[in-house]
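Worksheet: one structure, shown below.
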Amino acid sequence: MELLTIVTLLALIEFIYFGIRVGGARGKYEVTAPATTGNEMFERHYRVHYNTLEQLIIFLPALWAFGYYIGQYWAAGFGVVFLIGRLIYGVTYVKDPASRSAGVLLSIIPSYLMVIGALAGAVVHFF
Amino acid sequence: MELLTIVTLLALIEFIYFGIRVGGARGKYEVTAPATTGNEMFERHYRVHYNTLEQLIIFLPALWAFGYYIGQYWAAGFGVVFLIGRLIYGVTYVKDPASRSAGVLLSIIPSYLMVIGALAGAVVHFF
Amino acid sequence: MELLTIVTLLALIEFIYFGIRVGGARGKYEVTAPATTGNEMFERHYRVHYNTLEQLIIFLPALWAFGYYIGQYWAAGFGVVFLIGRLIYGVTYVKDPASRSAGVLLSIIPSYLMVIGALAGAVVHFF
């Protein structure tokens, strides 16, 4: 399962990168902790980070369950789409939140397909 | 471990459902991204989603560790209580946040019991 | 892998503890749900809880991947540093958010090292 581990760790590195950008935005736009609101640009970076957190709690278990029941190469392929989709999401959201749709879809569709596929696989194996 | 996979994926589907409701509330109550405050009803949906995220990071590892050290059928049973508790939480919180106690308890008690049980099981196996 | 399970569960218990403090702060400072802003002290507790959530989604997969590819004793050691770092973070942040640096570094450095080490290990095993 090296492939799924590599995809998992790359997703974590992407998430860490978004977090570092939040830290940078905190300084640049002078949003003092514990505040997370008050500056539109900071809030965009913050939302990119937290939306990715929401997605990771779905993506990571789905990746491994799908890899186990359906196949690790398919899972890794969906994983790469997720990684690219998240990057597009992060870039476009900061430029203009209204332009985030493509990045959202490219990252949620792989996750949703893996959730459904893994559920079907697990149910079939159970009976 | 098909049973625990099925419970895991159902918990993710429940979380996705809460997330979709946040998206719907964003449109309905005209809360434009990146804002997450300013409308009480939107904030209720948003908190249901994020509180469930907080719970999942506890529930998922606890479910698998408890299933491994204590037994998968007990884990799956606690998992079903969690799934129902979260649904009650989501429905009651949106109606009136003050009425959320039952849903909170029904979802944290299974998680807390599994954390304690799994810790006891792992410690006993270690020595 | 009892050791990694024990570290995982202790990290969850630490996170649960931070969450209970948020609940207490909600009552003490009269921040009524669904609000999460409006009182500086409440916001400090809230940020400690959520920053720990951000860290756990990195720490937990990194701990297990590093434990698998590099060694469980090294992983458990880094895990203990993380657990202590988080505790320092939680205590110092609530006293004064500007003093949080030591706790931040002591909890992110073990995670980052484990992400990099696990990635190197998985890549080497893959080829």
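The values are calculated or read from the model by the stated rules, or taken from the named source; none is laboratory data. Remember, it's a predicted structure, so these values are computed and weren't measured experimentally. Positions of Cβ are backbone-derived with ideal geometry, glycine not excepted, and every protein chain shown enters the neighbour counts. Note: areas computed on protein heavy atoms with side chains; ligands, DNA, RNA excluded. Shrake-Rupley method; radii C 1.70, N 1.55, O 1.52, S 1.80 Å.
Name the residue, out of B:62, B:102, B:75, that is of a type in the set (A, V, I, L, M), more than 10 Å from chain C (Cβ to nearest Cβ) and open to solvent by less than 30 Å² (accessible area, probe 1.4 Å).
The conditions single out B:75.
Look at the stretch A:1-42 and say how many of its residues are touching a Pro at 6+ places or on another chain (Cβ under 6 Å) and under 28 Å from residue C:91 (Cβ atoms).
Looking only at the stretch A:1-42, we keep the residues that are touching a Pro at 6+ places or on another chain (Cβ under 6 Å), and these are A:8, A:33-34.
After this cut, where a residue has to be under 28 Å from residue C:91 (Cβ atoms) as well, the list is A:33-34.
Total meeting the criteria: 2.
What are the residues in the stretch C:61-91 that are aliphatic (A, V, I, L, M) and not in a helix (DSSP H, G or I), if any?
C:70, the sole residue that qualifies.
Residues that are within 21 Å of residue B:52 (Cβ to Cβ) and in contact (Cβ under 8 Å) with a residue 12 or more places away in the chain: does the stretch A:92-100 have at least one?
No - not one qualifying residue is present in the stretch A:92-100.
What pairs come up if the first residue lies in the stretch B:27-44 and is without any contact (Cβ under 8 Å) to a residue 60 or more places away in the chain, the second is of a type in the set (Phe, Trp, Tyr) and open to solvent by 50 Å² or more (accessible area, probe 1.4 Å), and their beta carbons are under 9 Å apart, counting only those six or more places apart or on different chains?
Close Cβ pairs (under 9 Å, with a partner that is of a type in the set (Phe, Trp, Tyr) and open to solvent by 50 Å² or more (accessible area, probe 1.4 Å)) amount to B:38/B:29; B:39/B:29; B:40/B:29; B:41/B:29; B:42/B:29.
For residue A:52, state whether it is among the β-branched types (Val, Ile, Thr), within 13 Å of chain C (Cβ to nearest Cβ) and open to solvent by 10 Å² or more (accessible area, probe 1.4 Å).
The answer is no for residue A:52.
Could you tell me how many of the residues in the stretch B:9-42 are facing chain A (nearest Cβ under 9 Å), open to solvent by less than 40 Å² (accessible area, probe 1.4 Å) and outside any helix (DSSP H, G or I)?
Selection size over the stretch B:9-42: 4.
Being of a type in the set (A, V, I, L, M, F, W, C), within 23 Å of residue C:114 (Cα to Cα) and modelled with pLDDT of 95 or more narrows it down to one of A:15, A:66, so name that one.
Of A:15, A:66, the one residue that is of a type in the set (A, V, I, L, M, F, W, C), within 23 Å of residue C:114 (Cα to Cα) and modelled with pLDDT of 95 or more is A:15.
Considering the stretch A:79-91 alone, what residues qualify as being free of Cβ contacts under 8 Å to residues at least 40 places away in the same chain and either open to solvent by less than 20 Å² (accessible area, probe 1.4 Å) or within 20 Å of residue C:65 (Cα to Cα) (or both)?
The one that is free of Cβ contacts under 8 Å to residues at least 40 places away in the same chain and either open to solvent by less than 20 Å² (accessible area, probe 1.4 Å) or within 20 Å of residue C:65 (Cα to Cα) (or both): A:85.
Based on what the data block shows, is residue A:94 more than 14 Å from chain C (Cβ to nearest Cβ), outside any loop (DSSP other than H, G, I, E, B) and surrounded by fewer than 18 Cβ atoms within 10 Å (Cβ to Cβ)?
For residue A:94, the condition - more than 14 Å from chain C (Cβ to nearest Cβ), outside any loop (DSSP other than H, G, I, E, B) and surrounded by fewer than 18 Cβ atoms within 10 Å (Cβ to Cβ) - is not met.
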